[in-house]
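Undergrad: Quick one: this structure, given as structure tokens, is what I'll be asking you about.
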Amino acid sequence: METEIAVCCRRLRLSRNIAEISGQVEADSHQEYLLKILKQEVAYRETTRKNRLVKQAGFYSLKTFDGYCFDEIRLPAELSVSDLKDAAFIEQQKNLIFYGNVGTGKTHLATAIGIEACNKGKAVRFFRTAALVNQLNDAQKRGELNKYLKQLSKIDLLICDEWGYVPLDRDGSKLLFQVISDCYEQRSVIITTNLEFSKWVNIFYDEQMTAAMIDRLVHHSYLLLFDGQSYRIKNSLMKGYA
Ligand SMILES: Nc1ncnc2c1ncn2[C@@H]1O[C@H](COP(=O)(O)OP(=O)(O)OP(=O)(O)O)[C@@H](O)[C@H]1O
Ligand SMILES: [Mg+2]
């Protein structure tokens, strides 16, 4: 019987899960049984969808809000910790810019927000900025830049980690500018950086383009300042020796 159920499920595009649990679900009526099975199928689909979104996002590590300390992060007055945990800014196509020293939790927070966005069914992409630029360059060389940009245009949240950590060449800067311009008022961007705005021109060469990029990013964005000392140093084995 289970095999036949599995065949029907496949034809109806339902998960195999139904066949597997069909013999174990207990209920007092036929309707209750059906309801329980359907509810499990809904829950199963939601979980697989979330897992797929997290996988597609390409996070470097899977960090969450669990144990994350906000004490040394300065938030703008209009934004609360619970707003961040809700990832509500995505609905308004707002951006977040995380600025602060190394090891202060920028990547961790960007990842936790990204995972929450996936849990809400949003499409997210996490890139180290230099890797995004490499991909753009490669796509251009293959003559597939438009195709690649079109894929990026389907996402809800673009995370550019380590913005300005690696200098870009002129072409790379232009390509990144194009991506940021495309996102403007269409989808949210999170940028993590330890470079203040006045120094961005050093990595993007062209002053006008840098100004235009900052203008687009800063309009509709929240700036978060990471003031603390490096967690890596605080928690390293060298503690007590410094
Ligand atoms: N506020 C925090 N609460 C809990 N853990 C933290 C916090 N900040 C940093 N950490 C931990 O410290 C380590 C370094 O943090 P993270 O990589 O996010 O720093 P970063 O600001 O992105 O640094 P960099 O500029 O060098 O990329 C990680 O293991 C992270 O989980
Ligand atoms: Mg980082």
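Undergrad: Given the condition within 16 Å of ligand 1 (Cβ to nearest atom), on the phi > 0 side of the Ramachandran plot and buried (at least 20 other Cβ atoms within 10 Å of the Cβ), answer yes or no: does some residue in region 152-160 qualify?
TA: First, pick out the residues of region 152-160 that are within 16 Å of ligand 1 (Cβ to nearest atom): 159-160.
Now restrict to residues that are on the phi > 0 side of the Ramachandran plot: none.
No; the residues of region 152-160 include none that is within 16 Å of ligand 1 (Cβ to nearest atom), on the phi > 0 side of the Ramachandran plot and buried (at least 20 other Cβ atoms within 10 Å of the Cβ).
Undergrad: Can you find, within region 171-204, the residue that is surrounded by the most Cβ atoms within 10 Å (Cβ to Cβ) among those that are basic (Lys, Arg) and under 18 Å from residue 127 (Cβ atoms)? Spell out how you get there, then give the answer.
TA: We begin by selecting, within region 171-204, every residue basic (Lys, Arg); these are 174, 187, 199.
After this cut, where a residue has to be under 18 Å from residue 127 (Cβ atoms) as well, the list is 174, 187.
Values: 174: 17, 187: 19.
Looking at the filtered set, the residue picked out is 187.
Undergrad: Suppose the filter is within 15 Å of ligand 2 (Cβ to nearest atom) and surrounded by fewer than 12 Cβ atoms within 10 Å (Cβ to Cβ); does residue 82 pass it?
TA: Details: within 15 Å of ligand 2 (Cβ to nearest atom): no; surrounded by fewer than 12 Cβ atoms within 10 Å (Cβ to Cβ): yes.
In short, no.
Undergrad: Kindly list the number of the only condition in (1) of a type outside the set (Gly, Ala, Ser); (2) within 16 Å of ligand 2 (Cβ to nearest atom); (3) surrounded by fewer than 14 Cβ atoms within 10 Å (Cβ to Cβ) that fails for residue 107.
TA: It is condition (3) that residue 107 fails.
Undergrad: Taking region 81-111 as the region of interest, how many residues are within 16 Å of ligand 1 (Cβ to nearest atom) and assigned to a strand (DSSP E or B)?
TA: The qualifying residues number 5.
Undergrad: Whether any residue in region 35-45 is within 22 Å of residue 220 (Cα to Cα), without any contact (Cβ under 8 Å) to a residue 40 or more places away in the chain and either surrounded by fewer than 16 Cβ atoms within 10 Å (Cβ to Cβ) or outside the structural domain of residue 188 (by TED's automatic domain parsing) (or both) is what I want to check.
TA: Let us first name the residues in region 35-45 that are within 22 Å of residue 220 (Cα to Cα), namely none.
No, that holds for no residue.
Undergrad: For region 1-20, which residues satisfy the criterion of being part of a helix (DSSP H, G or I) and either buried (at least 16 other Cβ atoms within 10 Å of the Cβ) or basic (Lys, Arg) (or both)? Quick ask: steps written out before the conclusion?
TA: Step one: of region 1-20, the residues part of a helix (DSSP H, G or I) are 2-11, 17-20.
Selection gives 5, 6, 9, 10, 11, 17, 18, 19.
Undergrad: Just the residues that are closer than 28 Å to residue 199 by Cα and away from ligand 2 (no atom under 16 Å from the Cβ), please, taken from region 91-104.
TA: The first filter runs over region 91-104 and keeps only residues closer than 28 Å to residue 199 by Cα, leaving 93-104.
Hits for region 91-104 are 93, 94, 95.
Undergrad: Does any residue of region 154-163 turn out to be within 16 Å of ligand 2 (Cβ to nearest atom), modelled with pLDDT of 90 or more, in contact with a Gly (Cβ under 7 Å, 6 or more places away or on another chain) and aromatic (Phe, Trp, Tyr)?
TA: Checking region 154-163: not a single residue is within 16 Å of ligand 2 (Cβ to nearest atom), modelled with pLDDT of 90 or more, in contact with a Gly (Cβ under 7 Å, 6 or more places away or on another chain) and aromatic (Phe, Trp, Tyr).
Undergrad: How many of the residues in region 15-28 are out of contact with any helix residue (DSSP H, G or I) (no Cβ under 9 Å at 6 or more places or on another chain) and modelled with pLDDT under 95? It would help to see each step written out before you state the result.
TA: The initial filter retains those residues of region 15-28 that are out of contact with any helix residue (DSSP H, G or I) (no Cβ under 9 Å at 6 or more places or on another chain), namely 24, 28.
Keeping just the survivors that are modelled with pLDDT under 95 gives 24.
Selection size over region 15-28: 1.
Undergrad: Follow-up. Just give me the residues in region 21-39 being of a type in the set (A, V, I, L, M), closer than 22 Å to residue 3 by Cβ and not in a loop (DSSP other than H, G, I, E, B), in sequence order.
TA: Taking region 21-39 first, the residues of a type in the set (A, V, I, L, M) are 21, 25, 27, 34-35, 37-38.
Then keep just the ones that are closer than 22 Å to residue 3 by Cβ; that gives 21, 25, 34, 37-38.
Residues satisfying the conditions are 21, 34, 37, 38.
The values are calculated or read from the model by the stated rules, or taken from the named source; none is laboratory data. Not measured: the values here are computed from a predicted model. In this analysis, Cβ positions are derived from the backbone assuming ideal geometry, glycine residues included, and neighbour counts consider all displayed protein chains.
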